[in-house]
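This report concerns only the one structure given below.
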Amino acid sequence: MLAPLSAGIVFGLSAGFAPGPLLALVISQTLAKGVGAGVKVALAPLITDLPIIVVCLLVLGRLADSRPVLGTISLVGAAFVAWLAWGSSRADLPLAAEDGSGPGSLTKGVLTNALSPHPYVFWLSVGAPTLLRSWEQHPLGAAGFVIGFFGCLVGAKVVLAVVAGRSRRLLNPRAYGTIMKGLAAALLIFAIGLFADGARLLGLDLPF
């Protein structure tokens, strides 16, 4: 239970604090319409990710007996997480311009997240395989991963919306950079684990 929960927390915090279109939209909607609008945008992954998860689980379920395919997916996941770690170590806090026009905040958030490639790549290469492995060990582990991931993903963006709503000066780039560097180190550890899993599935000998 603890390992999947820990993975969910790290991945969720990394995705929640990572600069990108959705985080920029959280901040811009908060500055334009208030904290409530930013929170609505932060909730978008709860809507967009569910169908992605279902499709990825169905695809991986059909490939459960193909060790070469699963090994390759794990290696791709390792590369993706390593890329996330590199990006997190260099991340700067996005300072978005105010924008109160167009569709509602939740609609904007859903469209922004649905059109981003990150959720699809994450769930296919990392999230869904981790969820399946956790389920095989114990259903509570799978539940812990999902709760940890979405709780921290949404929670991180809600925190930034509240901070941005109170004062722009509270958005501290130095503190943000320190948090992201810590998350980068944790992501790198998970990337190594995924690489080891992929190598094992492909029958490769590793020195560790």
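The values are calculated or read from the model by the stated rules, or taken from the named source; none is laboratory data. Nothing here was measured: the structure is a model prediction, and the numbers come from that model. For neighbour counting, all protein chains shown are included, and Cβ atoms are generated from backbone atoms with ideal geometry for every residue, glycine included.
The residues of the range 100-140 that are in a helix (DSSP H, G or I) and among the hydroxyl-bearing types (Ser, Thr, Tyr), listed by number, are 105, 107, 112, 120, 125, 130, 134.
Going by the conditions given, is residue 65 loosely packed, with under 14 Cβ neighbours inside 10 Å, at pLDDT below 85 and of a type in the set (D, E, K, R)? Show your work before the answer.
Numbers: loosely packed, with under 14 Cβ neighbours inside 10 Å: yes; at pLDDT below 85: yes; of a type in the set (D, E, K, R): yes.
Taking the combined requirement at face value, the residue satisfies it.
Would you check which residues across the range 23-71 are among the hydroxyl-bearing types (Ser, Thr, Tyr) and either part of a helix (DSSP H, G or I) or touching a Ser or Thr at 6+ places or on another chain (Cβ under 9 Å) (or both) and list them? Explain how you work it out, then say what you get.
Initially, the range 23-71 is screened for residues among the hydroxyl-bearing types (Ser, Thr, Tyr), giving 28, 30, 48, 66.
Scanning the range 23-71 gives 28, 30, 48.
Considering only the range 16-27, I want to know if a residue exists there that is in contact with a Cys (Cβ under 8 Å, 6 or more places away or on another chain) and either over 27 Å from residue 192 (Cα atoms) or surrounded by 16 or more Cβ atoms within 10 Å (Cβ to Cβ) (or both). Among the residues of the range 16-27, at least one is in contact with a Cys (Cβ under 8 Å, 6 or more places away or on another chain) and either over 27 Å from residue 192 (Cα atoms) or surrounded by 16 or more Cβ atoms within 10 Å (Cβ to Cβ) (or both), which makes the answer yes. Filtered by the rule that a residue be under 17 Å from the mean Cα position of the chain (by Cα) and within 16 Å of residue 118 (Cβ to Cβ), the range 51-76 gives 51, 52, 53, 56, 76.
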